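Reading through the structure tokens given below for one structure.
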Amino acid sequence: MALPEPMFCSQQIKIPPELPDILKQYTKAAIRTQPHDLLQWSAAYFECLSNGLPLPAKERFEMPMGTQKSDTDLTLGLLKVLHKQLSSEIFVSNALLKQKWIDLCLPQGELKNILELDNFGNEVEWLKFLALGCSALGSSIQVTLKHVCEILTDDPEGGAARIPFETFSNLYKYLAKIDGEISQSKVEDALFALQAEAEKQDGMIQPRNFLNTACPPLS
């Protein structure tokens, strides 16, 4: 004869007091991030949570961008997540970058395509990779640099998106070199004009400065 199933009452079941909040925050993060593989993403989420590391979660739900390339699964929001997780060091190992990429359920072929744009070794200079990632989203170098500013800025969401002119200058010159079709004189003309704008803004630059028609073209 089969044994009767055990009976439980509410006094016997102990629910950890922190469980409801953990599940609530997890559910909100999953809804905001919309991972392609919920189980894979969840494993990464709880591993980061248990180790006190930045979570693989977007800060808010992301609407499709009009400038987003249709052939990429990468988004500005996901690049922001990667920046939050990896920007504590100047250089990031390929292995760690690959793992964080997989945690966000992004295709490895897309990572390979970005890495092949430069001659990276076993380590990747993070800001350079970030700039290349933004170039995978943007339709032009102006849009790419706008995305860079939106990720690197300390301004609130929807604000001016200011970043130090030195950072902007270094990444613009790097992207122009990778592009290979932007002349040195064009880069110098644009940076000369933008430096004058930055000097009026405590050494900071923002997208409206280089998206303005008064600025020499970046490309």
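The values are calculated or read from the model by the stated rules, or taken from the named source; none is laboratory data. Keep in mind that this is a model prediction, so the values were computed, not measured. FYI the Cβ positions are ideal-geometry reconstructions off the backbone, even for glycines, and counts take in every protein chain you see. Accessible surface areas use protein heavy atoms only, side chains included; no ligands, DNA or RNA. Shrake-Rupley method; radii C 1.70, N 1.55, O 1.52, S 1.80 Å.
Observations on the model:
- Within the chain, longest stretch free of exposed chymotrypsin sites (Phe, Trp or Tyr not before Pro) [DSSP loop, at most 15 other beta carbons within 10 Å]: 62-219
- Taking 29 Å as the straight-line reach from the Cα of residue 98, the lysines in range (excluding those fewer than 8 positions away in the same chain) are 24, 28, 58, 69, 80, 84, 112, 128, 146, 173, 177.
- Cα long-axis angle, helix 141-152 against the chain (0 to 90 degrees, to the nearest 10): 50 degrees
- Gaussian network model of the chain, springs between alpha carbon atoms under 10 Å - residue of 22, 151, 141 with greatest fluctuation: 22
- Where N is the number of residues in the chain, Cα Rg divided by 2.2 N^0.38 Å: 1.29
- Considering only alpha-carbon pairs that sit under 8 angstrom and 6 or more positions apart, the relative contact order computed for the chain is 15 percent.
- Percent accessible area from carbon and sulfur atoms, segment 141-218, protein chains only, probe 1.4 Å: 47 percent
- Potential extension, residue 201-residue 51 segment - 0.36 nm per residue separation minus Cα distance: 50.0 nm
- Computed on segment 85-210, with alpha-carbon pairs under 8 angstrom and 6+ residues apart, the relative contact order is 21 percent.
- Helix 184-199 vs. the chain, principal-axis angle (Cα, 0 to 90°, nearest 10): 70 degrees
- Over the Cα atoms of segment 116-183, the radius of gyration divided by the Kirkwood radius equals 0.97; this is the Rg/Rh ratio.
- Selected from 23, 53, 115 as most flexible by GNM, with the chain as the system and alpha-carbon contacts under 10 Å: 23
- Solvent-accessible surface of the chain, averaged per residue with a 1.4 angstrom probe and all protein chains in place: 60 square angstrom.
- Sorted largest first by accessible area at a 1.4 angstrom probe radius, with every protein chain in place, the residues 90, 182 fall in the order 90, 182.
- Per residue, the average separation of C-alpha pairs within less than 8 Å and at least 6 apart gives segment 10-115 a relative contact order of 26 percent.
- Helical content of the chain, expressed as a calculated mean residue ellipticity at 222 nm, amounts to -16500 deg cm²/dmol (DSSP H runs of 4 or more residues, -39,500 (n - 2.57) each, divided by residue number, nearest 500).
- For the residues 107, 56, 16, a GNM of the chain with alpha-carbon springs under 10 Å puts the largest fluctuation on 16.
- Axis angle, to the nearest 10 degrees, between helix 126-135 and the longest C-alpha principal axis of the chain: 80 degrees.
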